[in-house]
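Enquirer: Structure below; questions to follow.
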Amino acid sequence: MNRLPLDPSLAPPGTRNFRDAGGIPADRWHADQNGETLVPTHCCFCGVQCGMYLRVDRGGKVFGVEPRNHDINRMRLCPKGINAYQQVNHPDRLTAPLLRRSRDEPFREVSWEEALDHTAAEVRRIQAAHGNDSFGLLGGASLFSEKTYLVGKFARVALRTRHVDYNGRLCMVSAAGANKLAFGIDRAANPFSDILLTDCLLIAGSNVGECFPVMTQYVWGARDRGATLIVVDPRETAIARTADIHVALKPGTDSAFFNSVLHVIIKEELDDEAFVGARATGWEEVREKAAEYPPERAAEICGIPAAQIVEVARTFGRAPKAMAWHARGIEHHSQGVENCLTVINLCVATGNLGKPGAGYGTITGQGNGQGGREHGQKSDLLPGGRSISNPEHRRQICEIWGIEESELPPAGTSMMEMVHQMRRQEIRGLIGICNNPFVSLPNYATVKDGYDSLEFHAQFDFFLSETAANAHVVFPVTTWAEDEGVMANAEARVVKHNKAQEPPAGVRTDTWVICQLAQRLGAGAKFAFPGSREVFDELRAASAGTVNDYFGITYERLEETGGIVWPCPTTDHPGTPRLFEDGRTWHPDGKIHMQVVEWHPPMDPYDDEHPLSLTTGRTVAHFLSGNQTRRLGALVEQTPRPWVEVHPSHGFRNGDPVRVVTRRGSEVFPALVTEAIRPDTVFIPYHWPVPTAANALTIDALDPRSKIPEYKVCACRIEPGDRIDEVPAPPTAPGHVAYPDAQVSRTDPLPPTSPQGRGTAERG
Amino acid sequence: MMGRTIFIDPGRCIGCQACVSACRECDSHRGKSMIHLDYPDEGHSVASLPTVCMHCEDPVAPCAEVCPADAILVTADGVVQQADTTRCIGCANCVNACPFGVPKIDLQAKLQMKCNLCYDRTAYGLAPMCATVCPTGALFYGTLDELRAERPGVQVADSFTFGDVVVSTGVAMVVPADKVQWPVPGGLPIVEVNGKAVR
Ligand code: SF4
Ligand code: SF4
């Protein structure tokens, strides 16, 4: 591990003792004389996985945060990380199981026995009448890897259903699919620290400043060392603002653009023929396809100057070491996998792979977006990234689980497809764990219809999310600070979260609940796990010898290091921060399999009624569906409500009500008028529920391979809204932590004056 | 020139407000943030600019100068402290005097509050909360040499004009290489860059 030495002058304090000791906690678990303890852990939110200390008081309660000089973030935190601790003892926490027999009834608080017995009885009833596959399970990528492993095992061994999937399906499966196709391994090829060594950094479809703020220190660090920065994004984001080249292309045209960049690289002989010849297959076909994308043609498709394509090709192609990082902006498309493949083709064609400062990475959204699918929570994967359709892989896992191969169900369907199956009553019962599809899935009306069609729906959560509010049973479970477990960040670095406080009375860990349900379903012996550690040991064993090898990673090693990057086959193996250094990929022939990509237009066609592109994305203050962050006062104040970003050429003034109409529906948002967006594109941040949900408008078209929804582009029009008070006040929770200067006015009709620096044309 | 202090580099700021949130976590004014985040070019650019207390040196902090109750202490190491609660009468003279708009009055408590450079942390050699967490390094704590080791060739200003008055500050601002002539980002006219007059 390249572990940074602790700089005593920067090391985390928090108590007088630590300060007297020069800032180095001598015994980090030990309380100081004021009774304060610092528990080392990581942020619960995004895929950066910043290290932090939770401050725990004499009474054993989490009450604050201290920055931590961890290898990943070196003390840095974004506002979500700083405020995350406030949800641990938040008054909105669910502390008793909730149950109702029908959706017309109110919830009543019940005992754990009753909630668990009722759920098990409903599973048995539905499966007896309609077969095992009539019950589904949807997990989440904010869960520790141990829990995602349990979710996959519970579905196949206890529920015996093929229908299990997870919300990472909405996140980085396109990148995963592309990496698997090209390299046979599904993760970023380089650690963040390699960014500091590159000469040219290409960021495609990632608003790094708001989605992964702490990664910006690597981006700026690279620039301090003279690297050039290319940003491909329809909006002028904070990172795009200071880029050397900002390519503001039209949403949904990425693969045409990257094919064209490759065209110029080949034409100007900036490719690395020796590298490609020795290491890759498919190069001839890729070359031929690129020849069909001269800059003039791509410029027309992408709505950018042809000269810019040439400039990007020369900058990237001539750099001694170049890197490409991408995120949802190119992945959330009906050709998301292909978009990623065109970026990979660029890196491979220029020989930028397997070297310090040269390679590619995908920036994960959720904290465990990477680890969440590695151990069997995804419909087509078994632990260790094994394929559920591969007979040998099936046999290996059945042996570990102690079941017959005939008992292991085949692959199921994806998250959005499951919603359609609910509508058709092919799936009649569902358990959701740590996800909020009412906000996070596209085409809300369809999603609501699917969930309303369920005969039985149980949900695990620690706040009553929009989805949980629609359930029959709600299980109150722990936050990240009340349990231990591992997550894998965007670098595939496995880090350990530690328990900082006991859960509130009435709250149980997800592990306990899953094991209790398994027992009631007759599979108790296979789920006799007292806690995360025992699950992790089974996961390690189940992953041994696979691509996603965790065998050499132990809790003790994680506590001693800044995290270990898989594959890590033995307990003395240092981990693998950088892939392909030995020149081989994980395909049996050891080669890179380059793939031909043909651009096709987005699935929602433009017409006179719907001439503009609607694109969606995140804001720095909120996390995904907002179930957590929309309850924290400081974050609510920072971004109290969604807005629609429009170019001044549409004639709106800042704060005007604007109705956004798509083929799925229409909603009114206050305008945020800015030149930082293309005139043919509008943007809405997606963290809010209806009636200001971006996802009431987005299309549920899927990528045929990864089954990721096409969130990032659909056709729309904008027109004046009727009244600004159609825009409801943000749903500030009654118990949100009220800072004197963080009060949210419930009547203020304007959008946040300048969320994240996104300028407003006029003010006051 | 300055010792360990905060350097503000608006060119790197992404407007994330981590500094604002972190400031609320400081034990000396827990729950309130003393940082402003401004958007100097709204509607045209996403540029943003954090303002912390500039810890004015010359003339001695205008806020402290005008305080009728002598409540604002300036320590030997140049930190302009938050008003002493046993002396502050909540008159808001300091609010009016500050050229950077930093001090705030807690109307309920009738007391002044301002950034005191996290004295509870800096006194132990630690960085202030805002500069510790700032993900981009737009707020940097250290010496000019430490800053330059990280960002070769960086230029900074710590003297600004307000009409005829020149104010030299403890906290410095990074000046973009192509903009050594005033003003610095945010529109503040400067008179010196790296100690050399530029007016
Ligand atoms: S949300 Fe991401 S960037 Fe922000 S503190 Fe948490 S892990 Fe770090
Ligand atoms: S934390 Fe840093 S980048 Fe974020 S708003 Fe503050 S100064 Fe700007």
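The values are calculated or read from the model by the stated rules, or taken from the named source; none is laboratory data. None of the values given here were measured: they were computed from a predicted structure. Positions of Cβ are generated from backbone atoms using ideal geometry, with glycine treated the same way; all protein chains shown enter the neighbour counts.
Enquirer: Please count how many residues of the range A:577-631 are of a type outside the set (V, I, T) and within 16 Å of ligand 2 (Cβ to nearest atom).
Expert: Count: 3.
Enquirer: Kindly check whether there is at least one residue in the range A:109-130 that is surrounded by 24 or more Cβ atoms within 10 Å (Cβ to Cβ), free of Cβ contacts under 8 Å to residues at least 24 places away in the same chain and not in a helix (DSSP H, G or I).
Expert: So far as the range A:109-130 goes, no, none of its residues is surrounded by 24 or more Cβ atoms within 10 Å (Cβ to Cβ), free of Cβ contacts under 8 Å to residues at least 24 places away in the same chain and not in a helix (DSSP H, G or I).
Enquirer: What's the number of the only condition in (1) facing another protein chain (nearest Cβ under 10 Å); (2) at positive phi that B:K110 fails to meet?
Expert: If we test B:K110 against (1) facing another protein chain (nearest Cβ under 10 Å); (2) at positive phi, just (1) comes out false.
Enquirer: Out of (1) closer than 19 Å to A:T242 by Cα; (2) within 16 Å of ligand 1 (Cβ to nearest atom); (3) not in a loop (DSSP other than H, G, I, E, B), the odd one out for B:D178 is which?
Expert: Just one mismatch for B:D178, condition (2).
Enquirer: How about the range B:116-166: which of its residues are within 19 Å of B:R12 (Cβ to Cβ) and among the β-branched types (V, I, T)?
Expert: Listed by number, the residues that qualify are B:T132, B:V133, B:T136, B:T143, B:V154, B:V156.
Enquirer: For residues that are under 18 Å from A:Q366 (Cβ atoms), out of contact with any helix residue (DSSP H, G or I) (no Cβ under 7 Å at 6 or more places or on another chain) and part of a helix (DSSP H, G or I), scanning just the range A:205-222, find the one that is farthest from ligand 1 (Cβ to nearest atom).
Expert: The residue in question is A:C211.
Enquirer: Can you tell me which of A:I403, A:I397, A:I427 is assigned to a loop (DSSP other than H, G, I, E, B), among the β-branched types (V, I, T) and either touching a Cys at 6+ places or on another chain (Cβ under 7 Å) or over 26 Å from A:L702 (Cα atoms) (or both)?
Expert: That would be A:I403, the only listed residue that is assigned to a loop (DSSP other than H, G, I, E, B), among the β-branched types (V, I, T) and either touching a Cys at 6+ places or on another chain (Cβ under 7 Å) or over 26 Å from A:L702 (Cα atoms) (or both).
Enquirer: Could you tell me whether any residue of the range B:21-29 is closer than 28 Å to A:V644 by Cβ, away from ligand 1 (no atom under 16 Å from the Cβ) and more than 7 Å from chain A (Cβ to nearest Cβ)?
Expert: no
Enquirer: I've got another one for you. Can you tell me which residue in the range B:119-134 is farthest from B:P189 (Cα to Cα), limited to those that are in a loop (DSSP other than H, G, I, E, B) and within 10 Å of chain A (Cβ to nearest Cβ)?
Expert: Top of the filtered list is B:Y124.
Enquirer: B:P62 versus (1) within 15 Å of the chain's Cα centre (by Cα); (2) within 10 Å of chain A (Cβ to nearest Cβ); (3) farther than 25 Å from A:T674 by Cβ: which is the lone unmet condition?
Expert: The failed condition is (2).
Enquirer: Show me the strands (runs of 3 or more DSSP E) found entirely inside the range B:28-88 where at least 2 residues are out of contact with any helix residue (DSSP H, G or I) (no Cβ under 9 Å at 6 or more places or on another chain).
Expert: In the range B:28-88, B:56-58 are the strands (runs of 3 or more DSSP E) which contain 2 or more residues that are out of contact with any helix residue (DSSP H, G or I) (no Cβ under 9 Å at 6 or more places or on another chain).
Enquirer: State yes or no: is A:N352 at pLDDT below 95, in contact with a strand residue (DSSP E or B) (Cβ under 8 Å, 6 or more places away or on another chain) and in a loop (DSSP other than H, G, I, E, B)?
Expert: So A:N352 fails the test.
Enquirer: Follow-up question, since we're still on this one. May I ask you to list the residues in the range B:17-47 that are within 14 Å of ligand 2 (Cβ to nearest atom), in contact (Cβ under 8 Å) with a residue 24 or more places away in the chain and in contact with an Asp or Glu (Cβ under 7 Å, 6 or more places away or on another chain)?
Expert: B:V46, B:A47
Enquirer: Separate question: Being within 7 Å of chain A (Cβ to nearest Cβ) and assigned to a loop (DSSP other than H, G, I, E, B) is the filter; apply it to the range B:135-151 and report the residue that is nearest to A:C43 (Cα to Cα).
Expert: Among residues in the range B:135-151 that are within 7 Å of chain A (Cβ to nearest Cβ) and assigned to a loop (DSSP other than H, G, I, E, B), the one nearest to A:C43 (Cα to Cα) is B:P135.
Residues are listed down the side, and each one gets a yes or a no for (1) over 20 Å from the mean Cα position of the chain (by Cα); (2) more than 14 Å from chain B (Cβ to nearest Cβ); (3) away from ligand 2 (no atom under 16 Å from the Cβ); (4) among the hydrophobic types (A, V, I, L, M, F, W, C):
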| position | (1), (2), (3), (4) |
| --- | --- |
| A:N345 | yes, yes, yes, no |
| A:T362 | no, yes, yes, no |
| A:E374 | no, yes, yes, no |
| A:G385 | no, yes, yes, no |
| A:S389 | yes, yes, yes, no |
| A:H393 | yes, yes, yes, no |
| A:I403 | yes, yes, yes, yes |
| A:T413 | no, yes, yes, no |
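Enquirer: Can you pull out the residues in the range A:564-604 that are among the hydrophobic types (A, V, I, L, M, F, W, C) and in a loop (DSSP other than H, G, I, E, B)?
Expert: Listed by number, the residues that qualify are A:W566, A:C568, A:L579, A:F580, A:W586, A:M594, A:V596, A:V597, A:W599, A:M603.
Enquirer: Just one of A:G59, A:G64 is within 11 Å of chain B (Cβ to nearest Cβ), away from ligand 2 (no atom under 16 Å from the Cβ) and surrounded by fewer than 23 Cβ atoms within 10 Å (Cβ to Cβ); which is it?
Expert: A:G64
Enquirer: I would also like to ask the following. Go through the range B:8-20 residue by residue and tally those that are away from ligand 1 (no atom under 16 Å from the Cβ), assigned to a helix (DSSP H, G or I) and either within 17 Å of B:R121 (Cβ to Cβ) or more than 9 Å from every other protein chain (Cβ to nearest Cβ) (or both).
Expert: Total meeting the criteria: 1.
Enquirer: Any chance the range A:136-155 includes a residue that's among the charged types (D, E, K, R) and farther than 29 Å from A:G47 by Cβ?
Expert: No, that holds for no residue.
Enquirer: Just need a number here: residues in the range A:615-640 that are hydroxyl-bearing (S, T, Y), farther than 19 Å from A:I677 by Cβ and touching a Phe, Trp or Tyr at 6+ places or on another chain (Cβ under 6 Å).
Expert: Residues flagged as hydroxyl-bearing (S, T, Y), farther than 19 Å from A:I677 by Cβ and touching a Phe, Trp or Tyr at 6+ places or on another chain (Cβ under 6 Å) within the range A:615-640 amount to 1.
Enquirer: Here's something else I'd like to know. Can you tell me which residue among A:L229, A:L202 is in a strand (DSSP E or B), over 22 Å from A:L579 (Cβ atoms) and either at pLDDT 95 or above or more than 16 Å from ligand 2 (Cβ to nearest atom) (or both)?
Expert: Matching residue, one of A:L229, A:L202: A:L229.
Enquirer: Being away from ligand 1 (no atom under 16 Å from the Cβ) and surrounded by 24 or more Cβ atoms within 10 Å (Cβ to Cβ) narrows it down to one residue among B:T85, B:T51, B:T5, B:T75; which is it?
Expert: Checking each option against the conditions leaves just B:T5.
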